[in-house]
Amino acid sequence: MKMYGNKVDLVFAGIFFMTFCGAYFGQRVVETQRGPLFRAEGSHVTLSCKVRGYEGTPKQNFHWSIYRPASPSVEIHIVSTADPHFTYALYRHRVRMQDIYIERTSTDSVLLHITKLQVHDQGEYECYTPNTDSVYYGAYSDKTILTVIPDTLQARISALSIRRAAGESLSLSCDVSKRTSQHTHLSISWFLQIGGETLELVTLTREFILQAGTAFHHRLESGHLRLDRSGLTTYLLTIFQLQHSDQGEIYCEATEWIQDPDKSWYPLLIKRTESTKVTVEHRPLAADVQESEYTTDSSVPKKTFQPLHAHGIVLQVNSLCSDVVSVTRSWAYYILVILFFVI
């Protein structure tokens, strides 16, 4: 009898557990990207939203709205996956031009895209999912805060065209500056563009780690490729012993990173400099130089030999030659006189 009672208790406990946990785990939960998020004016921004624990159709719909700082209690409809008339007039043009749109990443998750962030896009964003459940239970919306900060990142390169001979060295500087009030990190990358192919030369990461692209790893290890920081804003690229394969267009790319509340790093801004055209010429041999500079063709004016720091040596050699000729003539005269008397 006691055993029977224990079984009944277990059955009721199981029913209670399944009912309670089923209700608990079956409730709808909407999650947006954790904020506050800091994003730069003019950049392309995405906000994520997903739903779980729902009933009904697996393809869920989403409504995005904003509450601006000037009127934090006023909801302004931005865009919806279900209702084409959801958008308020304030955002209608940008939604129609696809400057703002929703991308489905799965049946129950989306990304809100703002392709060119504006100052008045700052505010609290709400993601709402219409009810598809048999019982209204759970959270049907979630909010996140987006703060718009100015774009202060600048990057400039030192030269637009350079010619070097093979085997020589090349140095280029990239000046990078930022004035944001947020705590951000910088990474600096140099790239070589040859035709339609872009090769990474070397990168100074946001953790201040130096790493080379696959094709240039051995040259960094051997010391023939360097990236040095000079002062607070200048990053100097140096390539030693230039090769013909180094010819192309070199540019610098600066990325400003910010850490989001979820501890992930987000590329806040990316700025690319103009390209420097690098021409690597064939280094002529010494014989080629003499042949080209001192031609025997009478139709081409011969180049006058003017040594810069060897005039004294040339004059001494000329004097020595004159003395030799003079001595030789004197000995010849005495020999002829002796032969005359002997005969």
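Things to note:
- With θ taken as phi - 60° and the Karplus curve 6.51 cos²θ - 1.76 cosθ + 1.60 applied, the whole-hertz 3J(HN,Hα) list for the range 112-129 is 8, 9, 10, 6, 9, 5, 10, 4, 7, 7, 6, x, 9, 9, 10, 10, 10, 10 Hz, x standing for glycine and proline.
- The equivalent ellipsoid of the range 30-151 has semi-axes of 24, 15, 14 Å, largest first, where each one is the square root of 5 times an eigenvalue of the Cα gyration tensor.
- Over all projection directions, the Cα-based convex hull of the range 181-287 averages an area of 9.2 nm².
- For SER158, residues with placed amide H under 5 Å, excluding near neighbours: SER173
- These residues, PHE191, PHE62, go from largest to smallest accessible area, 1.4 Å probe, as PHE191, PHE62.
- Vicinal HN-Hα couplings computed from phi for the range 146-152 (Karplus, 6.51 cos²θ - 1.76 cosθ + 1.60; Hz; Gly/Pro x): 10, 10, 9, 10, x, 8, 10
The values are calculated or read from the model by the stated rules, or taken from the named source; none is laboratory data. As the structure is a computational prediction, the values presented were derived from the model and not from experiment. These area figures cover heavy atoms from the full protein model, side chains too; ligands, DNA and RNA do not enter into them. Shrake-Rupley method; radii C 1.70, N 1.55, O 1.52, S 1.80 Å.
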